[in-house]
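Contents: one structure, followed by commentary.
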Amino acid sequence: MDCLGAEWGHMAAPGNSFPNFDPKLPGWLKIDFHLHSREDPKDDLEHSAIELLHRARALGFNALAITLHNKVLNDPAVFETARELGLLLIPAVELRLEGADVVVVNLTPEEARGLRKLSDLVEFRQRRGRSAFIFAPHPFYKLGGSMGGRQLSEHIDLFDAIEICHFHTSWFDPNRNAIRAAERFQKPLIATSDTHRLAYFGDHYSLVQAPPDATPEMIFDAIRAGCIRPVSPALTNAQFVNHLWWVFVEHRLGWLWKGRAK
Ligand SMILES: [Zn+2]
C-alpha cells in the first residue's frame with residue numbers, strides 16, 4: 001500500500017502529536033479503537049455507549065471500537081445509532097488473557113468467549129486473517145493487565161499493532177518502550193484514548209489513510225501498511241493529577257484492582 005509521506009514512517013515520538021499534520025486532509029479517517037462505556041461489566045462508568053457515539057460524531061471521528069472488558073457490546077440499538085451518525089462502529093473487546101490485556105477488533109461475542117488464553121489467538125488469527133485486528137494496549141504500564149516486554153516479545157506475531165497509551169507526560173512516558181518495541185518488531189503504533197470518562201475522550205486518537213466508505217478490513221490493512229498517524233499529546237501536569245485522582249481515588253477502576261489472573 002502506498003501511503004502519504006513515507007517520511008512519516010509509522011513511528012511516533014513520545015508525546016508527539018504530529019503538529020504539522022492536518023487531520024482535515026482528504027483521505028484520512030479519525031479513529032479510536034480503545035473505548036469504554038457504562039455497559040462495561042468491570043468498571044462503573046458514567047457515560048453510555050450512545051453518549052460516546054454522539055460525542056464522537058461532534059469530534060469528527062469516522063470509526064470506533066468500543067472495547068468493554070471481557071464483553072463484546074452487540075446491542076443493535078447502539079449500532080443503529082452509529083449508522084445514523086455516519087460512524088463505522090466495529091464490534092470489539094478488551095480481554096485479559098493469562099494476565100495480559102489484549103484488544104481484539106471485529107469479532108462476535110461467541111468468538112470472544114472462545115478466547116481464554118493467548119495461544120487461542122493463534123487459531124483465531126489464522127481463521128480470521130485480515131478481517132480481525134489485534135493490538136497490545138498499554139503494554140509497558142505495569143498495572144492491571146499490562147503485558148510487559150517479555151509477553152509482548154513472545155507473542156509479537158499475534159499483534160497487528162502496539163498501542164500508544166494516552167497516559168503520559170513530558171516526564172512520565174512508558175510509551176517509549178512501546179515505540180522501541182514497534183521499531184524492533186516493525187509494527188505500527190496506534191494511539192487511543194482508552195476512554196473511561198467522556199471528558200477524557202477526543203485528544204488521543206489515530207488518523208488512518210483510507211476512503212470515507214472504508215470497510216473494517218480496509219482500515220486494518222492501512223494500519224498494517226503503516227498508513228497511520230498516532231496523535232497523542234502529552235498530558236499537562238494538571239491533567240495528569242486529575243487522571244490519577246479519578247482513576248485511583250474517585251473511581252477505583254475495576255481493571256486495575258481485579259488482579260492479573262482473571
Ligand atoms: Zn481499556
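Every number here is computed from the coordinates shown, using simple stated rules; none is lab data. As the structure is a computational prediction, the values presented were derived from the model and not from experiment. Cβ coordinates were reconstructed from backbone atoms using ideal geometry, including for glycine residues, and neighbour counts include every protein chain displayed.
Structural remarks
- Test: residue 135 is more than 15 Å from the ligand (Cβ to nearest atom), in contact with a strand residue (DSSP E or B) (Cβ under 9 Å, 6 or more places away or on another chain) and aromatic (Phe, Trp, Tyr): no
- Of residues in the range 89-107 being touching a helix residue (DSSP H, G or I) at 6+ places or on another chain (Cβ under 7 Å) and more than 16 Å from the ligand (Cβ to nearest atom), the one farthest from residue 51 (Cα to Cα): 106
- Qualifying residue in the range 168-185 (condition: in contact with a His (Cβ under 6 Å, 6 or more places away or on another chain) and surrounded by fewer than 20 Cβ atoms within 10 Å (Cβ to Cβ)): no
- Of the residues making up the range 181-204, none is more than 16 Å from the ligand (Cβ to nearest atom) and of a type in the set (Val, Ile, Thr).
Yes or no, residue by residue, for (1) within 16 Å of the ligand (Cβ to nearest atom); (2) closer than 27 Å to residue 246 by Cβ:
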| residue | (1), (2) |
| --- | --- |
| 38 | yes, yes |
| 47 | yes, yes |
| 53 | no, yes |
| 58 | no, yes |
| 62 | no, no |
| 109 | no, no |
| 118 | no, no |
| 130 | no, no |
| 140 | yes, yes |
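- Helices (runs of 4 or more DSSP H) enclosed by the range 59-130 - at least 3 residues per element that are more than 23 Å from residue 218 (Cβ to Cβ): 109-113, 120-128
- Taken over the range 42-81, the criterion of being surrounded by fewer than 19 Cβ atoms within 10 Å (Cβ to Cβ), touching a strand residue (DSSP E or B) at 6+ places or on another chain (Cβ under 7 Å) and closer than 15 Å to residue 202 by Cβ is satisfied by 60 alone.
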